[in-house]
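No lab work stands behind these numbers, since they all come straight from the coordinates. These numbers were taken from a predicted model, which means no experiment stands behind them. Virtual Cβ from ideal backbone geometry, glycine too; neighbours counted across all protein chains shown.
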Amino acid sequence: MRWIRERRDPGVPSRSLPIAIIGLACRLPKGPSADAFWQTLCRGEDAITETPSARWSADAFYHADVHAPGKMNTRWGGFLEQVDQFDPLFFGISPREASEMDPQQRLMLELSWEALEDAGVPVDALTATQTGVFFGAMWSDYARIAGGRPDAILQHTATGQDLSIIPARISYSLGLRGPSIAVSTASSSSLVAVHMACQSLSSGESTLALAGGVNLILAPESTIAMSKLGTMARDGRSKAFDARADGYVRGEGGGVVVLKPLSLALADGDPIYCVIRGSAVNNNGFGDGLLAPSVEAQEALLREAYARAGVNPADVCYVEAHGTGTALGDRIEASALGAVLGAGRPAERPLRIGSAKTNIGHLESAAGVAGLIKAALALKHRFIPPNLHFSEPNPDIPFGKLRLKVQDAVEAWPAVGDAPALAGVSSFGFGGTNCHVVLEGVPARRTGEVQGDVACAAAADEPRAELLVLSARSEAALSARAGDLSSWLVERPDLAISDLCCTAGLRRTHHEHRLAVIGGTREEMHATLSAAARGEWHAGVVRGKVEPGGMPGVVFVFPGQGSQWAGMGRALLAEESVFRRVMEECDALMRPHAGFSVIEEILAPEAASRLGETAVAQPALFAIEVALAALFASWGVRPDAVIGHSVGEVAAAHVAGALELAEAVRLVCCRGRVMQHATGRGKMAAVEMTAGAAAEMLSRYEGRLAIGAVNDPGSVVLSGETAALSQALARLSGEGLRCQELRVDYAFHSPQMDPLREEFVRALRAVSVQSTAGTMYSTVTGERVPGDALDAAYWGRNIREPVKLADAMRTAIRDGHRLFLEVGPHPVLAAHLERCLAAERVQGQVLFSIRRGQEARRHLLRVMGALYTRGAAVDLAPLYPDSAKCVALPAYPWQRRSYWIAAAAWRDGAGEPSSDAYVGNEHERRDKPQRSASSLRQTFHAAAPGDRRRLLEEFLSAQLAEVLQLESAHIDPLLPLGKLGLDSLMAMIMRNRIEATLGIAVPTMLVLQKGDVRRISSYLLEQLTSESLVSAVRDTVGESSTGEEWEIVTV
């Protein structure tokens, strides 16, 4: 037989694509975060403890003789706290399923989210993208806790215990479409996962990748197995490269890094910890034994990794070694490092080596990523932490000859001219699979370098107000997030407010519970966040929730004359380029028609202001209003509908698309010029009374007075002759009605406008109009108005007929609008809009843009914050300066609770499992309906029609609470059940419960695909109501005299 061996090209291996580590997260012994882990390393802390009693009884399972059956020769380890804790609803997982999920899945869900936040990558931006997930895992301790009994196997056991589901769970929960691969090469698993992720990115298979590994020590069996293997240190300490090395101590935890091609990371302004220049993987092959390390294989690995990286091994300063603390393993690793990285290196510049295992233990399938994160943090901070438990060098390792030095103290990263800082990370599996990764540090960013796609904003000499937005999945988490950030500000005095706000606004996923904070200084922001965390009211805080059912639209309401003031918009002209551009465009178009500069008139000192003159005020108001609308549009806020009050209708028509700017300018200048003639001819007054009562009262004045406006159902404006108005107001005040005379000397929207109306229509001639892009509610008719109806005759009616704001609002509200924004220089309509909402008995919100004499930017940011908290469409990017960069912020504050599988009673180590040791699960009992069909149906039919939906919703919520093992308070009737973790299996259980209780056939897909409590209750209500109708007809008709059965058909 002819054997053909495929030979490898002896040339230089192909260069690897540089891959940036742009984010990371970890949960390690005494290192619940990357920052805490770094502090543990630099302080030289030993994180090893005795085995917590919550895991197992160390006394019951420990024996000094490693050969003792069922015993382990160690009682130590590096452990995490609260591994039973989880926040399942954040990830749309039911508590029922959470209890059956391996905590390794739960931990990696949290770490993946935290790593993406650290990278400044909004998770929702990754939906359906080629984002890969590569995780190492080795043990399945959680599966052993129940004692291996068949009756402990439930509907989520398979997915809860399979190691392949660890990465798959992340891909599913985050909606990622790239490769999702579980890697199991024992202790090298997580570093091999990083290597595979880099390959996937280099080939273009993935555009972004999550890589890492996890290892949790939850049951004694795996430690017993490693004890029998002879790898455990007697004193429970890993003493890498020390003469006392006699094995390692196990540790647990997990880590995730976010990887991205360097070119894309730089282009997107991502934070970069360091760069992976190259990596390599190989295997020991045949040798002295399956578990024996190979110096030849390790040397080959290192040479290939550095060749792929294009890096001279002698330039590397530090290697995070595998360094388990076994005498043979340490000697072979040191020999390989010396042969490849020590060669050609001067004696005064030895290669520094160390191992995180001396701090936190050997994390096995997560050991490689723990070492990688340590090296990445060292390159970021430019310090090398110490290697612990190194008191006497291993005599079998010639450190001097190999040019190696064990790092025994924290030390600044040695500078070698302008050369980049270089490091390596090694990880070896006990089956012989070896991996090495080459890292390069990045220089500090240049001051003022742009960090992302943010639009320009004018820089101010003084601190200017900034908008900080925060969000969470629950109110409790939102308050915790505000508190964490408040403390973060205190701890980081060098953190720029603009960086903080930019990162929170543009680099985070936005959840339904939301908070907007406005502040100009660190002190103000700290105080405001602290108040928000305590749930206290504060002028700088806006809080809200995005309700299910879609993004709310906003209605722009443009006020009329009377809202103007000298200097309005002055600050916006100076600070906001979009506002200034539109104002300048209006100014240029108005000069030929008005004969003056509208900008000069607005900026004139109050003593010289002509804004009290109609011919000046109306064009000025129009310019301010359309400039504000343009500014909001540049911030992503565009109206679904518009309403204009009197002259405000001109701005409304332009914003709706019915009038081009030039035509709108011509119209408003003509309107102001004509209406100027009404000056001195009458007066106007606001009165708190209904339109009907006002009409009855005005019949006494024989056309001398008229209703000029109906602003809300209980408020009108009277307009007409001065003497007649004075008489009317005296009468009305005497009757106890609230009256306020307006500070004007004209009577708009009254009979006095009849001759001016004709003049205006003649002067306008034809008006060039077009179909509106959006909806316009007319305050002339009170109804929707198409763009092509806004002809000269319409505008004539606009100055003569009463302003029907209340009618227009009623129509808009009944069309479903709930969010109204007054777009003008001062809020004169907001109170009326709120009364209109109240009159229709609906929940809504009224906002206004700026207020006279107050900081315009702060008010506008408050509007943006309010819109954000309601879930309206906003674009936050233009609010932040170009110089703002992505910075690290506190991780999401998980709202954890304990979820744990029922354990076999024998697991205290005393004896073997018995037939009755299993503490049973109550799922099967809970899946049976708790109420008979007849009782609930009878209650339903006996209830008043208005109470029936509530009865059904309470029933459904109670059933869901049992099926999901969730508190009823978490069940929002409008929340899709998938967000509560209802899957297809539980949907069938819900269907069966409903059918058994109500005796009604329910499609499973109704529960699964379209399911929320409100929709399902509507279906049940329809079915049961039809049943009631059938019953009522039968009761009325009875049986036919012929004995034939009636067929009842309901539609």
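Odds and ends about this structure:
- For Thr326, residues with placed amide H under 5 Å, excluding near neighbours: Gly247
- By average C-beta atoms within 10 angstrom, highest first, the peptides 662-668, 876-882: 662-668, 876-882
- A convex hull fitted to the Cα coordinates of the stretch 574-636 yields 77 cubic angstrom per residue.
- Helix 805-814 axis, angle to the chain major axis (alpha carbon atoms, nearest 10°): 40
- Taken over the stretch 211-272, the percentage of Cα pairs per 10 Å bin, counting from 0 up to the bin with the maximum distance, is 18, 29, 22, 15, 15, 0.
- Put a dot 7 Å past the Cα of Ala766, heading toward its Cβ, do the same for Met1005, and the two dots end up 5.5 nm apart.
- Cubic angstrom per residue, convex hull over Cα atoms of the stretch 284-372: 113
- DSSP-assigned coil residues among trypsin sites (Lys or Arg not before Pro) in the stretch 976-1025, each with at most 15 further Cβ atoms within 10 Å: Lys1010
- When each of Glu392, Glu840 is scored by the number of other beta-carbon atoms lying within 10 Å, the sequence from fewest to most is Glu392, Glu840.
- Nonlocal Lys pairs with alpha-carbon distance under 14 Å, the stretch 19-440 (8 or more apart, or different chains): 5
- Helix axis angle, 103-119 relative to the chain longest principal axis, alpha carbon, degrees: 60
- Note, ³J(HN,Hα) from phi for the stretch 585-591, Karplus 6.51, -1.76, 1.60, rounded to Hz, x at Gly and Pro: 5, 4, 4, 5, 6, 7, 3
- Looking at the stretch 736-819, the GluC sites (Glu not before Pro) that sit in a DSSP loop and have at most 15 other Cβ atoms within 10 Å of their own Cβ are Glu783.
- Here the relative contact order of the stretch 19-440, from alpha carbon pairs under 8 Å that lie six or more residues apart, stands at 23 percent.
- Against the chain, whose longest principal axis comes from its Cα atoms, helix 497-506 is set at around 90 degrees.
- A protection proxy built from the mean count of other Cβ atoms within 10 Å ranks the segments 643-653, 40-50, 358-368, most packed first, as 358-368, 643-653, 40-50.
- The stretch 19-440 - convex hull of the alpha-carbon atoms, volume per residue in Å³: 134
- Here is the P(r) of the stretch 722-875: all C-alpha pair distances, binned every 5 Å from 0, give 1, 8, 11, 14, 17, 17, 15, 10, 5, 1, 0 in whole percents.
- The stretch 705-748 and the stretch 254-324: distance between their alpha carbon centers, rounded to Å: 83
- For the stretch 781-850 versus the stretch 458-517, the spacing of their alpha-carbon centroids is 35 Å.
- Once C-alpha pairs closer than 8 Å and six or more residues apart are averaged by separation and normalised to the residue number of the stretch 512-640, the relative contact order reads 24 percent.
- Value in Å of the Kirkwood radius, where the stretch 138-179 supplies the Cα pairs that are averaged: 11.7
- Size of electric dipole in the chain: Cβ of Lys, Arg +1 and of Asp, Glu -1, about Cα centre, debye, nearest 20: 980
- Using the average count of surrounding beta-carbon atoms within 10 Å as a protection proxy, the listed peptides 799-805, 693-699 rank, highest first, as 799-805, 693-699.
- Over the chain, relative contact order from alpha-carbon pairs under 8 Å, at least 6 apart, %: 13
- Within the stretch 118-227, percent of DSSP bridges classed antiparallel, to nearest 5: 0
- Estimated distance in nm for a label pair at Asp35 and Glu783, the labels positioned 7 Å out from Cα along Cα-to-Cβ: 6.2
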